[in-house]
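J.: To start, I am sharing the structure in question, which I have written as structure tokens.
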Amino acid sequence: MKNIGLCLILIAISAICFGQVSDSIVYPEVRVESQRISEAIGTSVSETDSLLFAILQSQGLTKILQTESFISTRSYAPGGIANYSVRGSGSQHTQVVWDGIPINDPMLGQTDLSTVALNGISSIRVLYGSAGLTNNSGGIGGTIELQSLQPRKKNGFDAKLNLYAGSFGAYGVGVQLRDRYKFFFGTTTVEYHTAKNNFPYLNLATLVDRERVLEHAQVERIGFSKSVGAQINARNTLTARVNYSQVDRELSPTMVTTTTKEELFDRDIWASLKWSRLGNRSSLNVTASYIYGKQEYSDNNEYTYNHLYQASKNLIRYKLYLPYNLQLEVGGDIFSEHAKSDSAFVNDSHWRQWQAIFASLKYVPKKWVAAQVLVREDVINGEFSPVQGLLGVEVRPTNWFFVKGNVSRNFRAPTLNDLYWRPGGNEDLKSESGFSWEAGFGFKTKGKKFNFRFESTYFQSEIDNWIIWLPLGSIWTPQNKRAVSSKGVEAQLTTSVNVGKVMFRLNGAYTYVQSEVSEGSSQTDNSVGKQLIYVPKHQAKGQLSIHLGRLFLLYGHEFTGLRYTTSDNQSSLPAYQLSWVTIGYEHVVKKHVIGLNISVENLFNKAYQSIAWRPMPGRSFMINLQYQFK
Amino acid sequence: MRITFIICFLAFFLGSCKEQGCTDSDALNFDSNASNEDGSCVYSQSYAEGVFVLNEGNFNSGNASLSFYNKVDKAVATKIFSGINGIPIGDIAQSITTHNDVMYLVVNNSGKIWKLEADNLTVVAEITGLPSPRYMAIVNSVKAYVTNFQGNEISIVNLETDMVSGSIPVNGWTEEIKCHDGLVYFLGMKSNTLYKLNPNSDAVIDSVYLGVEPYSMEFDPQGNLWVLTTGGYDEQELPRLFRVNPITLEIEFETTFTSISAYPSNLALSPSGEHLYYTEESGLYRMELSATQLPTSPIYEGQFYGMNVDPFSGEVYVTDAIDYNQKGLVYRLSETGSELDVFQVGVIPKTLYFKGL
């Protein structure tokens with residue numbers, strides 16, 4: 001015990017950590033929901049299972065989202081720059097929020113999923129379509145919500161250590177610490193991850209030396225988070241949080257390019273101060289935040305380009321519970337974004353002032369029917385954006401069946417690169433905007449030995465003023481020259497059965513997306529009626545697990561359909577299927593839990609490409625050791 | 001119910017797993033395993049007469065391709081390089097150079113040059129180790145020079161060993177390069193200069209400052225060198241057209257474009273040597289070699305990425321990359337700009353090379 005105590009002190013001092021505090025490594029936990037976006041009624045939301053979170057955390061956010069949600073992701077290499085598509089849109093059409101604060105890079109309009117340090121994150125949700133409109137605009141495809149590590153509810157201290165090592169030079173370590181003493185609480189997390197990614201592959205683009213090892217693909221990530229808070233009294237809570245991450249990446253060559261010296265360094269800081277007040281029939285949340293992002297790109301001539309952005313983002317949300325099961329929520333945002341780049345803006349700085357207000361009225365009786373109406377208006381640099389709104393309804397005629405749907409209008413503002421890139425930036429660009437609707441149904445049963453939930457949604461959206469970069473003379477410039485129409489179906493099944501002491505769990509998800517250009521950029525544009533590039537029409541994923549006491553065996557399978565690589569759909573990447581398996585066991589002695597997981601990724605050693613001519617690893621192994629003090 | 005559901009899903013997925021390739025059994029490279037036609041079918045083994053179109057492809061996407069247009073029956077074969085050799089050209093196919101019975105394809109972002117048998121396009125050698133090659137000038141059967149976008153060098157290639165044998169240091173990006181009367185001339189895109197190189201000593205022996213971004217050049221029948229400057233991709237100055245004496249490097253004629261955004265490029269001469277063609281932002285232009293002023297209106301309107309003149313017929317071919325992410329178009333025009341044919345090629349068609357008997 002004395003040694004364990006000493007270890008914990010050393011761990012805390014060294015502050016290198018990874019992992020997630022939960023009551024159990026094997027079974028999903030019940031999560032705290034106080035920080036969450038209150039998603040719109042009639043919309044779809046998915047949350048990452050805590051078991052998968054624990055197993056896949058070492059592989060990063062891209063892998064987690066690809067495994068479980070309806071998102072399609074693609075990365076240039078393991079741990080490399082990652083893009084994503086929700087409901088057929090692009091990365092720029094998805095808002096990423098941290099505790100409700102939008103964190104997308106205003107220059108690029110997206111977040112690189114590979115830069116997110118997950119040790120300070122307790123849950124990940126995806127809010128599809130306009131589900132996140134109650135909190136933020138811009139998420140035409142959806143919103144990815146990261147919820148920071150939540151504090152303990154009771155007095156005391158808990159800690160978790162996570163160590164892992166795997167194929168191709170991957171290893172990492174992490175610690176999470178949480179404590180609470182009466183009215184004061186805090187969390188601390190630290191993590192370190194690295195991977196050489198020096199896996200063998202077959203180069204299909206050359207006649208000589210086809211059997212190669214990927215070079216120049218090392219990734220190193222360091223993460224730190226800290227929160228301190230005080231429950232001032234029964235009604236008021238003050239919390240300060242900071243999340244830091246830095247990622248140093250070598251940018252690997254493709255099969256068709258020469259060796260490269262390119263490197264990319266990212267540093268992100270998210271900090272917030274939040275005051276929460278609970279009234280008898282109301283709640284108030286006021287958040288002030290500072291978002292910082294820095295990118296240093298070093299090219300083949302070892303010349304470094306610097307991009308820097310900073311933003312202050314202040315949000316206020318007030319919720320009032322009215323008679324007749326009505327909930328009124330009003331809120332406002334005041335954002336100030338600043339970006340500077342020595343290449344994109346030729347050392348110029350650009351500012352963007354962004355204000356928004358919204359009001360929402362929900363009708364939420366305990367049974368039968370719930371409905372919501374929402375209106376939101378954003379003002380960007382003094383210009384009014386398209387009015388946004390949502391009308392949602394959910395009907396539960398029985399306790400096992402429900403139908404739901406919504407219609408909404410959303411928009412996406414041009415990025416700062418779209419507006420100010422030199423040369424070519426177009427300050428006259430309009431925001432992309434459009435209407436969308438969705439309708440779905442579901443069943444669920446819950447019993448002692450059998451749980452079952454199935455949900456399916458049809459969605460459709462029409463987006464106008466889609467921004468595309470095209471040359472005007474010699475200069476590439478963004479123009480509002482396309483329109484895009486998306487529709488599709490999502491279906492999700494979750495079930496578990498207990499047979500004696502054995503529990504079987506099955507999660508499955510399937511999505512069909514038809515996302516097509518409906519209006520071309522010119523008369524000769526052959527992209528009209530064609531699927532957007534790198535958006536698979538079919539995608540399916542599933543996990544089957546068997547649990548016996550604290551021993552589990554999990555098999556995961558993933559299917560990604562054919563993806564077109566040119567806008568006229570004349571070239572494509574073939575579909576691929578990947579399998580993985582994990583076996584894990586945890587041992588509990590009083591307050592101590594020790595867990596061990598062993599995973600095999602790409603079980604059948606399939607060769608595949610997520611992005612054209614970018615090799616991906618074959619079969620690989622990972623061993624993960626967790627210690628938890630509760 | 002659930003089992004039926006799963007079976008339906010599996011059937012649906014399996015049905016969508018189609019292999020790409022040539023599905024026409026009449027084609028030379030018919031692939032019996034392919035169920036999705038990808039336009040790679042090769043129908044003719046003869047490339048003796050026609051137009052090669054080298055399609056750059058997208059940066060880092062490896063989708064460069066080579067197309068061949070038969071001027072007689074107007075048939076187009078696409079992706080012929082990969083169809084014949086079973087490998088992709090690479091990333092950003094930049095230029096074509098021929099020498100005797102050999103064709104060289106310079107692939108910029110792959111840092112390599114493919115050496116092909118000109119008759120059947122079979123790969124003979126893969127010349128690697130070039131920084132970022134752009135254009136190639138063949139001095140003799142042993143030596144060639146290659147300009148580079150990066151690397152601050154002109155690469156020297158030994159055509160017997162098919163290896164890089166040396167380099168000549170230069171200042172920044174170098175673009176078009178041509179041999180003329182035993183000497184070599186190349187353009188410095190960042191130094192804004194025309195250089196003269198002695199191939200016996202591998203030394204730059206003379207140079208002349210022209211203007212921002214000299215991008216395109218041609219020798220006329222009288223031996224004069226014509227050079228276009230773009231004025232800069234970021235519109236630093238008005239573009240200009242020069243006529244330079246290649247012996248003295250004196251500028252004998254110079255004229256300035258009126259629009260800073262004209263971005264003239266793709267300089268080419270008619271077979272008779274009487275007319276000069278180029279493209280700019282509003283279309284294809286044609287001027288008499290003896291003219292002292294630039295033409296004021298295009299002979300064919302549009303935004304074109306590549307252009308060249310057929311030395312056998314005098315017809316002009318211009319390329320349209322559309323959105324730069326789909327198969328582009330090539331317009332075949334008479335020498336005065338009348339449209340004769342339009343055909344589809346690969347992604348971002350740029351270089352046109354004419355082969356005739």
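J.: When you scan the stretch B:231-253, do you find a residue that is open to solvent by less than 10 Å² (accessible area, probe 1.4 Å), under 26 Å from the mean Cα position of the chain (by Cα) and free of Cβ contacts under 8 Å to residues at least 24 places away in the same chain, even just one?
T.: Yes, because at least one residue in the stretch B:231-253 is open to solvent by less than 10 Å² (accessible area, probe 1.4 Å), under 26 Å from the mean Cα position of the chain (by Cα) and free of Cβ contacts under 8 Å to residues at least 24 places away in the same chain.
J.: For residues that are assigned to a strand (DSSP E or B) and free of Cβ contacts under 8 Å to residues at least 24 places away in the same chain, tally how many sit in the stretch A:446-465.
T.: Residues of the stretch A:446-465 assigned to a strand (DSSP E or B): A:446, A:450-465.
Adding the requirement that they be free of Cβ contacts under 8 Å to residues at least 24 places away in the same chain leaves A:446.
Residues meeting the conditions: 1.
J.: Pairs please, first residue from the stretch A:329-347 and more than 15 Å from A:Glu296 (Cβ to Cβ), second anywhere and among the basic types (Lys, Arg) and assigned to a loop (DSSP other than H, G, I, E, B), Cβ atoms under 8 Å, 6+ apart in sequence or on different chains.
T.: A:Phe345/A:Arg422; A:Val346/A:Arg422
J.: Mind counting the residues in the stretch B:74-97 that are in contact with a Phe, Trp or Tyr (Cβ under 9 Å, 6 or more places away or on another chain), within 14 Å of chain A (Cβ to nearest Cβ), over 16 Å from B:Thr128 (Cα atoms) and surrounded by fewer than 24 Cβ atoms within 10 Å (Cβ to Cβ)? Walk me through it before giving the result.
T.: Going residue by residue through the stretch B:74-97, those that are in contact with a Phe, Trp or Tyr (Cβ under 9 Å, 6 or more places away or on another chain) are B:74-78, B:80-81, B:85, B:87-97.
Now drop any that are not within 14 Å of chain A (Cβ to nearest Cβ), which leaves B:76, B:78, B:81, B:85, B:87-94.
Filter again for over 16 Å from B:Thr128 (Cα atoms), leaving B:76, B:78, B:81, B:85.
Now drop any that are not surrounded by fewer than 24 Cβ atoms within 10 Å (Cβ to Cβ), which leaves B:76, B:85.
Number satisfying all stated conditions: 2.
J.: So which residues in the stretch B:311-357 are within 14 Å of chain A (Cβ to nearest Cβ) and among the acidic types (Asp, Glu)? Please lay out each step first, then the result.
T.: Looking only at the stretch B:311-357, we keep the residues that are within 14 Å of chain A (Cβ to nearest Cβ), and these are B:318-331, B:339, B:342-350.
Within the stretch B:311-357, B:Asp320, B:Asp323, B:Glu339 meet the criteria.
J.: Could you list all residues from the stretch A:277-303 that are open to solvent by less than 30 Å² (accessible area, probe 1.4 Å) and either in contact (Cβ under 8 Å) with a residue 40 or more places away in the chain or within 14 Å of chain B (Cβ to nearest Cβ) (or both)? Lay out the reasoning, then the answer.
T.: Of the residues in the stretch A:277-303, the ones open to solvent by less than 30 Å² (accessible area, probe 1.4 Å) are A:279, A:282-283, A:287, A:289, A:291, A:293, A:298-299.
Matches in the stretch A:277-303: A:Gly279, A:Thr287, A:Ser289, A:Ile291, A:Gly293, A:Ser298, A:Asp299.
J.: Would you mind stating whether A:Gln523 is part of a loop (DSSP other than H, G, I, E, B) and either crowded, with 17+ Cβ neighbours inside 10 Å or within 13 Å of chain B (Cβ to nearest Cβ) (or both)? Please lay out each step first, then the result.
T.: Numbers: part of a loop (DSSP other than H, G, I, E, B): yes; either crowded, with 17+ Cβ neighbours inside 10 Å or within 13 Å of chain B (Cβ to nearest Cβ) (or both): yes.
Yes: the conditions hold for A:Gln523.
J.: Residue check, A:Ser341 against (1) surrounded by 16 or more Cβ atoms within 10 Å (Cβ to Cβ); (2) under 28 Å from A:Ala230 (Cα atoms), all met but one. Which one?
T.: (2)
J.: Another question about this same structure. B:Val342 fails exactly one of the following numbered conditions: (1) buried (at least 18 other Cβ atoms within 10 Å of the Cβ); (2) at pLDDT 95 or above; (3) within 19 Å of B:Ser67 (Cα to Cα). What is the number of that condition?
T.: It fails just one condition, (1).
J.: Going by the structure shown, is B:Thr279 part of a strand (DSSP E or B), out of contact with any Leu (no Cβ under 7 Å at 6 or more places or on another chain), among the hydroxyl-bearing types (Ser, Thr, Tyr) and without any contact (Cβ under 8 Å) to a residue 60 or more places away in the chain? Quick ask: steps written out before the conclusion?
T.: Working: part of a strand (DSSP E or B): yes; out of contact with any Leu (no Cβ under 7 Å at 6 or more places or on another chain): yes; among the hydroxyl-bearing types (Ser, Thr, Tyr): yes; without any contact (Cβ under 8 Å) to a residue 60 or more places away in the chain: yes.
Yes: the conditions hold for B:Thr279.
J.: Restricted to the stretch B:141-158, and to residues that are touching a residue at least 24 places away in the same chain (Cβ under 8 Å), open to solvent by 10 Å² or more (accessible area, probe 1.4 Å) and more than 14 Å from chain A (Cβ to nearest Cβ), which residue is nearest to B:Leu187 (Cα to Cα)?
T.: B:Ile156
J.: Could you list all residues from the stretch B:98-114 that are open to solvent by 20 Å² or more (accessible area, probe 1.4 Å) and either free of Cβ contacts under 8 Å to residues at least 24 places away in the same chain or more than 13 Å from every other protein chain (Cβ to nearest Cβ) (or both)?
T.: Quick first cut of the stretch B:98-114, residues open to solvent by 20 Å² or more (accessible area, probe 1.4 Å) only: B:98-102, B:109.
Matches in the stretch B:98-114: B:Thr98, B:His99, B:Asn100, B:Asp101, B:Val102.
J.: Scan the stretch A:229-252 and give yes if some residue there is over 30 Å from A:Leu328 (Cα atoms), within 14 Å of chain B (Cβ to nearest Cβ) and buried (at least 18 other Cβ atoms within 10 Å of the Cβ), otherwise no. Give the steps one after another, and end with the answer.
T.: Just the residues of the stretch A:229-252 that are over 30 Å from A:Leu328 (Cα atoms), to begin with: A:242-252.
Imposing the further condition that a residue be within 14 Å of chain B (Cβ to nearest Cβ) reduces the set to A:251-252.
Going one step further and asking which of them are buried (at least 18 other Cβ atoms within 10 Å of the Cβ), we end up with A:251-252.
The answer is yes; a qualifying residue exists.
J.: Restrict the check to the stretch A:310-324 and report whether at least one residue is among the small types (Gly, Ala, Ser), open to solvent by less than 70 Å² (accessible area, probe 1.4 Å) and under 19 Å from A:Asn135 (Cβ atoms). Explain how you work it out, then say what you get.
T.: Within the stretch A:310-324, the subset among the small types (Gly, Ala, Ser) is A:311-312.
Narrowing the set further to residues that are open to solvent by less than 70 Å² (accessible area, probe 1.4 Å) leaves A:311-312.
Then keep just the ones that are under 19 Å from A:Asn135 (Cβ atoms); that gives A:311-312.
For the stretch A:310-324, residues among the small types (Gly, Ala, Ser), open to solvent by less than 70 Å² (accessible area, probe 1.4 Å) and under 19 Å from A:Asn135 (Cβ atoms): present.
J.: Within 21 Å of B:Thr98 (Cα to Cα), touching a Phe, Trp or Tyr at 6+ places or on another chain (Cβ under 7 Å) and within 14 Å of chain A (Cβ to nearest Cβ): which single residue out of B:Asn266, B:Asn308 fits that description? So that I can check it myself, show each step before the final result.
T.: Numbers: B:Asn308 fails: within 14 Å of chain A (Cβ to nearest Cβ).
Going through B:Asn266, B:Asn308 in turn, the sole match is B:Asn266.
J.: Has the stretch A:261-271 got any residue that is more than 19 Å from A:Ser227 (Cβ to Cβ), within 14 Å of chain B (Cβ to nearest Cβ) and exposed (fewer than 15 other Cβ atoms within 10 Å of the Cβ)?
T.: Yes - at least one qualifying residue is present in the stretch A:261-271.
J.: Let me ask you something else. Counting only residues that are open to solvent by 10 Å² or more (accessible area, probe 1.4 Å) and in a strand (DSSP E or B), which one in the stretch A:105-124 is farthest from A:Phe53 (Cα to Cα)?
T.: My answer is A:Asp105.
J.: From A:Leu374, A:Leu390, A:Leu429, grab the single residue that is under 30 Å from B:Gly231 (Cα atoms) and either of a type outside the set (Lys, Arg) or at pLDDT below 95 (or both). Show your work before the answer.
T.: Details: A:Leu374 fails: under 30 Å from B:Gly231 (Cα atoms); A:Leu390 fails: under 30 Å from B:Gly231 (Cα atoms).
Unique residue meeting the criteria: A:Leu429.
J.: Separate question: Based on what the data block shows, is A:Arg619 of a type in the set (D, E, K, R), touching a Phe, Trp or Tyr at 6+ places or on another chain (Cβ under 8 Å), within 27 Å of A:Leu251 (Cα to Cα) and within 14 Å of chain B (Cβ to nearest Cβ)? Talk me through it step by step, then tell me what you get.
T.: Working: of a type in the set (D, E, K, R): yes; touching a Phe, Trp or Tyr at 6+ places or on another chain (Cβ under 8 Å): yes; within 27 Å of A:Leu251 (Cα to Cα): yes; within 14 Å of chain B (Cβ to nearest Cβ): no.
No, not satisfied.
Condition check ((1) among the aliphatic types (A, V, I, L, M); (2) at pLDDT 95 or above) across all residues:
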residue	(1), (2)
B:Ala203	yes, yes
B:Asp206	no, yes
B:Tyr209	no, yes
B:Pro214	no, yes
B:Glu218	no, yes
B:Leu228	yes, yes
B:Glu235	no, no
B:Arg240	no, yes
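J.: How about the stretch A:533-630: which strands (runs of 3 or more DSSP E) wholly inside it have at least 2 residues that are at positive phi and surrounded by fewer than 20 Cβ atoms within 10 Å (Cβ to Cβ)?
T.: On the way: elements: A:538-548, A:551-560, A:576-589, A:592-601, A:620-629.
In the stretch A:533-630, no matching strands (runs of 3 or more DSSP E) lie anywhere.
J.: Looking at the stretch A:369-410, which of the residues that are hydroxyl-bearing (Ser, Thr, Tyr) and in a loop (DSSP other than H, G, I, E, B) is surrounded by the most Cβ atoms within 10 Å (Cβ to Cβ)? Quick ask: steps written out before the conclusion?
T.: Step one: list which residues in the stretch A:369-410 are hydroxyl-bearing (Ser, Thr, Tyr), which gives A:385, A:398, A:408.
With in a loop (DSSP other than H, G, I, E, B) added as a condition, the list becomes A:385, A:398.
Details: A:Ser385: 20, A:Thr398: 9.
The qualifying residue surrounded by the most Cβ atoms within 10 Å (Cβ to Cβ) is A:Ser385.
J.: Still on this structure, please answer the following. Quick one: would you say B:Thr351 is among the polar types (S, T, N, Q), within 29 Å of A:Asn480 (Cα to Cα) and buried (at least 19 other Cβ atoms within 10 Å of the Cβ)?
T.: In short, no.
J.: Exactly one condition in (1) within 29 Å of A:Ala170 (Cα to Cα); (2) in contact (Cβ under 8 Å) with a residue 24 or more places away in the chain; (3) within 13 Å of the chain's Cα centre (by Cα) is false for A:Pro78; which is it?
T.: A:Pro78 satisfies all of (1) within 29 Å of A:Ala170 (Cα to Cα); (2) in contact (Cβ under 8 Å) with a residue 24 or more places away in the chain; (3) within 13 Å of the chain's Cα centre (by Cα) except (3).
J.: Could you list all residues from the stretch A:473-488 that are open to solvent by less than 50 Å² (accessible area, probe 1.4 Å) and either assigned to a strand (DSSP E or B) or in contact with a helix residue (DSSP H, G or I) (Cβ under 9 Å, 6 or more places away or on another chain) (or both)? Steps first, please.
T.: So in the stretch A:473-488, the residues open to solvent by less than 50 Å² (accessible area, probe 1.4 Å) come out as A:473-475, A:477-480, A:482-486, A:488.
Matches in the stretch A:473-488: A:Ile475, A:Thr477, A:Pro478, A:Gln479, A:Asn480, A:Arg482, A:Ala483, A:Val484, A:Ser485, A:Ser486, A:Gly488.
J.: Based on what the data block shows, is A:Gly90 touching a residue at least 12 places away in the same chain (Cβ under 8 Å), surrounded by fewer than 24 Cβ atoms within 10 Å (Cβ to Cβ) and touching a helix residue (DSSP H, G or I) at 6+ places or on another chain (Cβ under 6 Å)?
T.: Values: touching a residue at least 12 places away in the same chain (Cβ under 8 Å): yes; surrounded by fewer than 24 Cβ atoms within 10 Å (Cβ to Cβ): yes; touching a helix residue (DSSP H, G or I) at 6+ places or on another chain (Cβ under 6 Å): no.
Taking the combined requirement at face value, the residue does not satisfy it.
The values are calculated or read from the model by the stated rules, or taken from the named source; none is laboratory data. All values derive from a computational prediction rather than experimental measurement. With ideal geometry, Cβ positions are generated from the backbone for all residues, glycine too; neighbour counts draw on all protein chains shown. What goes into the accessible areas is simple: the full protein's heavy atoms, side chains included, and nothing from ligands, DNA or RNA. Shrake-Rupley method; radii C 1.70, N 1.55, O 1.52, S 1.80 Å.
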